[in-house]
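Peer 1: One structure, as structure tokens, below. Some questions next.
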Amino acid sequence: MKRSRFSETQVVRILKQHEAGVSVTELCKEHGISAATFYNWKGKYGGMDASQLKKLKEMEAELSRYKQMYAELAHQNYALKDLIEKKL
């Protein structure tokens, strides 16, 4: 996955500047981003502050761990079912 030049906190700071009244075109020129990138960020991070962003990242990490656990358990389950079928 491509790594962004901007961290999430920087993105939130840019969005806060827009909320303060700076136009999108000025922000895009200042930070070297496209308007599409700005609106994608706004869709993903709009209305967040730093603490909410931290909670979001923690929840995403936890979800990733749960998905990994499920994948391992499902793999073990399929292996055990296959073993049982071979014995019968």
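Peer 1: So which residues in the range 7-31 are under 19 Å from the mean Cα position of the chain (by Cα) and hydroxyl-bearing (Ser, Thr, Tyr)?
Peer 2: Across the range 7-31, the qualifying residues are 7, 9.
Peer 1: Could you pull out every one of the helices (runs of 4 or more DSSP H) wholly within the chain that has 1 or more residues that are surrounded by 10 or more Cβ atoms within 10 Å (Cβ to Cβ) and β-branched (Val, Ile, Thr)? Write out each step before concluding.
Peer 2: On the way: elements: 8-19, 24-31, 35-45, 50-87.
In the chain, 8-19, 24-31, 35-45 are the helices (runs of 4 or more DSSP H) which contain 1 or more residues that are surrounded by 10 or more Cβ atoms within 10 Å (Cβ to Cβ) and β-branched (Val, Ile, Thr).
Peer 1: Looking at 25, 37, 9 in this structure, which one is in contact (Cβ under 8 Å) with a residue 40 or more places away in the chain and among the polar types (S, T, N, Q)? Don't jump to the end; show me each part of the working.
Peer 2: Numbers: 25 fails: in contact (Cβ under 8 Å) with a residue 40 or more places away in the chain; 37 fails: in contact (Cβ under 8 Å) with a residue 40 or more places away in the chain.
Testing whether each residue is in contact (Cβ under 8 Å) with a residue 40 or more places away in the chain and among the polar types (S, T, N, Q) leaves just 9.
Peer 1: Tell me, please, whether a residue that is under 14 Å from the mean Cα position of the chain (by Cα) and either of a type in the set (Phe, Trp, Tyr) or assigned by TED's automatic domain parsing to the domain that holds residue 4 (or both) can be found in the range 65-72.
Peer 2: Initial filter on the range 65-72 (under 14 Å from the mean Cα position of the chain (by Cα)): none.
No; the residues of the range 65-72 include none that is under 14 Å from the mean Cα position of the chain (by Cα) and either of a type in the set (Phe, Trp, Tyr) or assigned by TED's automatic domain parsing to the domain that holds residue 4 (or both).
The values are calculated or read from the model by the stated rules, or taken from the named source; none is laboratory data. Quick caveat, the model's predicted, so the values are computed rather than measured. All Cβ positions, even for glycine, are placed from backbone atoms using ideal geometry, and neighbour counts span all protein chains on display.
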